[in-house]
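The structure appears below as structure tokens.
The values are calculated or read from the model by the stated rules, or taken from the named source; none is laboratory data. Because the structure is a prediction, the values reported are computed rather than measured. Using ideal geometry, Cβ is built from the backbone for each residue, glycine included, and neighbour counts are taken over all protein chains shown. The accessibility values were calculated without ligands, DNA or RNA, using every heavy atom of the protein model including side chains. Shrake-Rupley method; radii C 1.70, N 1.55, O 1.52, S 1.80 Å.
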Amino acid sequence: VILDLGIGRSDIRPDETFGYKAACSADCHPASGSVGAGLGATVGKLRGMKYAMKGGFGFAAVSCRGIRVGAFSVVNALGNVVDPRDGKPLAGTLRNNQIIDEQEIFSLVGRQTIAGSHTTLSVVVTDAGLDRRQLCRMADIAHNGFVRTIRPSQMNPDGDTVFAVSTGDNRAAVDMLESLAVDCVEKSIVRAVSEARGYGGVVSYREFNG
């Protein structure tokens with residue numbers, strides 16, 4: 001649940017039929033952006049939906065030494081989503097046709113935040129054989145992907161969570177897997193926002209950048 005009821009119709013809720021249809025249409029090349037759980041996702045709602053930007057759904061995968069790691073993220077964050085390479089904002093709260101900086105976000109939090117309306121969720125998947133303890137650690141470490149791409153991240157109004165899943169029994173160095181998981185989460189969040197399209201009057205990264 002990402003609490004994305006600010007745009008679209010709030011009376012349409014997913015049920016088991018949605019999950020079944022998603023499974024039937026799944027393939028190795030999933031769409032990203034304003035699709036699935038990312039359709040209603042937004043970021044930067046501190047000044048209301050009029051000044052928010054589109055979040056979305058994104059994925060990233062990598063293979064290293066015969067081990068595969070992937071991440072799937074739906075981005076509905078309170079803070080700005082930034083390019084981790086240079087810190088440039090990709091999406092967030094708008095003011096005067098610019099994305100506000102982190103300091104202004106802090107000044108607005110607590111005064112205009114819509115409580116319980118921000119959640120970024122990621123699922124990290126690997127075909128390495130990991131036990132429950134190792135999966136929990138990988139999920140914890142993967143939160144660093146949030147820190148690199150969402151600023152500020154994991155604030156009190158956010159409900160951010162990472163889930164980790166092991167689908168195989170291949171042997172691999174856990175430290176390597178954790179590093180790959182962070183990288184995949186980071187890239188999936190950037191992809192979710194950069195490939196989103198405008199919806200419900202909320203501007204997307206593509207529209208904002210012409």
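Things to note:
- Accessible surface of the chain, 1.4 Å probe: 51 percent of it comes from carbon and sulfur atoms.
- Within a Gaussian network of the chain (alpha carbon springs, distance under 10 Å), most fluctuating of Asp83, Asp101, Asp11: Asp11
- Asp4 - accessible surface, heavy atoms, 1.4 Å probe, Å² rounded to 10: 50
- Gyration tensor verdict on region 53-150 (Cα atoms; rounded if a/c is under 1.5, prolate if a/b is larger than b/c, oblate otherwise): prolate
- With Cα atoms as the point set, the radius of gyration and Dmax of region 1-65 evaluate to 14.5, 47 Å.
- Ordering Phe57, Phe106 by accessible surface, largest first, gives Phe106, Phe57; the 1.4 Å probe counts only protein heavy atoms, with every chain in place.
- The mean sequence separation of alpha-carbon pairs under 8 Å and at least six residues apart, normalised by the residue count of the chain, gives a relative contact order of 28 percent.
- Highest-MSF residue in the chain out of Gly70, Gly87, Gly58 [GNM, Cα springs under 10 Å]: Gly87
- Between the entries [x] 1.01; [y] 1.14; [z] 1.21, the label attached to Cα Rg over 2.2 N^0.38 Å calculated for this structure is [x].
- Charge tally around Glu207: other residues with Cβ under 10 Å, Lys/Arg +1 each, Asp/Glu -1 each, net +3.
- Computed accessible area, Val1, all protein chains, 1.4 angstrom probe, square angstrom: 140
- Per residue, in Å², the accessible surface of the chain once ligands and nucleic acids are set aside, probe 1.4 Å: 52
- Amide H within-cut-off set for Asp83, under 5 Å, with H built and near neighbours excluded: Lys88, Leu90
- Taking amide H atoms as placed 1.01 Å from N in the peptide plane, the amide H of Phe163 lies under 5 Å from those of Ser122, Val123, Val124, each 5 or more residues away in sequence or on another chain.
- Note on Thr17/Thr161: beta-carbon distance plugged into 1/(1 + (r/R0)^6) with R0 of 35 Å gives a FRET efficiency of 0.90.
- Placing Thr42, Thr167 in order of accessible area, with the largest value first and a 1.4 Å probe, yields Thr167, Thr42.
- Top of Ala26, Ala37, Ala61 by mean-square fluctuation, Gaussian network on the chain, Cα under 10 Å: Ala26
- Helix 16-25 axis, angle to the chain major axis (alpha carbon atoms, nearest 10°): 70
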